[in-house]
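Colleague: Before anything else, here's the structure in question.
The values are calculated or read from the model by the stated rules, or taken from the named source; none is laboratory data. Everything numeric in this text was worked out from a predicted model, so none of it was measured. Heads up, the Cβs are rebuilt from the backbone with ideal geometry, glycines too, and the neighbour counts pull from every protein chain shown.
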Amino acid sequence: MTEKVNVQMNRAGRFEPRGGADCGTMNPKQLLLYAAAQCAGQTAAAIMKRERMTPKSFEISVSGDLSTETLRAESIFTCFHVIYNVSCAGESDCAKASHALELTHDKYCGLVQMLSRIAPVSREIAVVNTQPVNA
């Protein structure tokens, strides 16, 4: 069984769960994934801010495969997968965002690092330039 949590950065720069979920309706395993998404999002946003760039949009999806077919108290995660989706307004911002996400995932996000001690953590980084290209 796979558990999954999606968060999206709002206009105020805070990350909120997508799909109408909130912490009060999440099970403990989803809360762990949510905490990892929050940590990664806040860490990446801080790095991007230091680089003087603000993404146009920023979403993070964190999923984890469980050891059982159905959710049980004794279920444990066997692997995790993090997907970072960022839209930027220019090529230089795309490069800064990519670098910030790599640093976040590989070095600075404590929760992603903690998850990697539990089970393997894979990642996907998608950074899109929304600015039209001059021909």
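Colleague: Under 16 Å from residue 34 (Cβ atoms) and either assigned to a helix (DSSP H, G or I) or in contact with a Pro (Cβ under 9 Å, 6 or more places away or on another chain) (or both), is that true of residue 127?
Modeller: In short, no.
Every residue, every condition in (1) without any contact (Cβ under 8 Å) to a residue 12 or more places away in the chain; (2) surrounded by fewer than 16 Cβ atoms within 10 Å (Cβ to Cβ), yes or no:
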position: 67; (1), (2): yes, yes
position: 77; (1), (2): no, no
position: 81; (1), (2): no, no
position: 88; (1), (2): no, no
position: 91; (1), (2): no, yes
position: 96; (1), (2): no, no
position: 100; (1), (2): no, no
position: 115; (1), (2): no, no
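Colleague: Can you find even one residue in the range 58-68 that is farther than 23 Å from residue 128 by Cα and among the hydrophobic types (A, V, I, L, M, F, W, C)?
Modeller: Yes, the range 58-68 contains at least one residue that is farther than 23 Å from residue 128 by Cα and among the hydrophobic types (A, V, I, L, M, F, W, C).
Colleague: Continuing with this model, one more query. So, residue 73, is that one among the small types (Gly, Ala, Ser), more than 23 Å from residue 15 (Cα to Cα) and either more than 11 Å from the chain's Cα centre (by Cα) or surrounded by fewer than 18 Cβ atoms within 10 Å (Cβ to Cβ) (or both) or not?
Modeller: The answer is yes for residue 73.
Colleague: While we're on this one: Of all residues in the range 14-51 being surrounded by 13 or more Cβ atoms within 10 Å (Cβ to Cβ), part of a loop (DSSP other than H, G, I, E, B) and more than 14 Å from the chain's Cα centre (by Cα), which is modelled with the lowest pLDDT?
Modeller: Out of the qualifying residues, it is 21.
Colleague: Restricting attention to the range 8-22, report how many residues are more than 21 Å from residue 45 (Cα to Cα) and touching a strand residue (DSSP E or B) at 6+ places or on another chain (Cβ under 8 Å).
Modeller: Selection size over the range 8-22: 2.
Colleague: Taking into account only those residues within the range 90-135 that are polar (S, T, N, Q) and at pLDDT 95 or above, which is farthest from residue 27 (Cα to Cα)?
Modeller: It comes out as 98.
Colleague: Let me spell it out: the conditions are (1) part of a strand (DSSP E or B); (2) within 29 Å of residue 13 (Cα to Cα), and residue 78 meets all of them except one. Which number is the exception?
Modeller: Status for residue 78: all satisfied but (2).
Colleague: Let me ask something else. So, in the range 91-114, of the ones that are farther than 18 Å from residue 131 by Cβ and among the polar types (S, T, N, Q), which residue ends up farthest from the chain's Cα centre (by Cα)?
Modeller: For the range 91-114, the residue satisfying everything is 113.
Colleague: Here is a check on your reading of the model: is residue 87 in contact with a Pro (Cβ under 9 Å, 6 or more places away or on another chain) and either part of a loop (DSSP other than H, G, I, E, B) or at pLDDT 95 or above (or both)?
Modeller: yes
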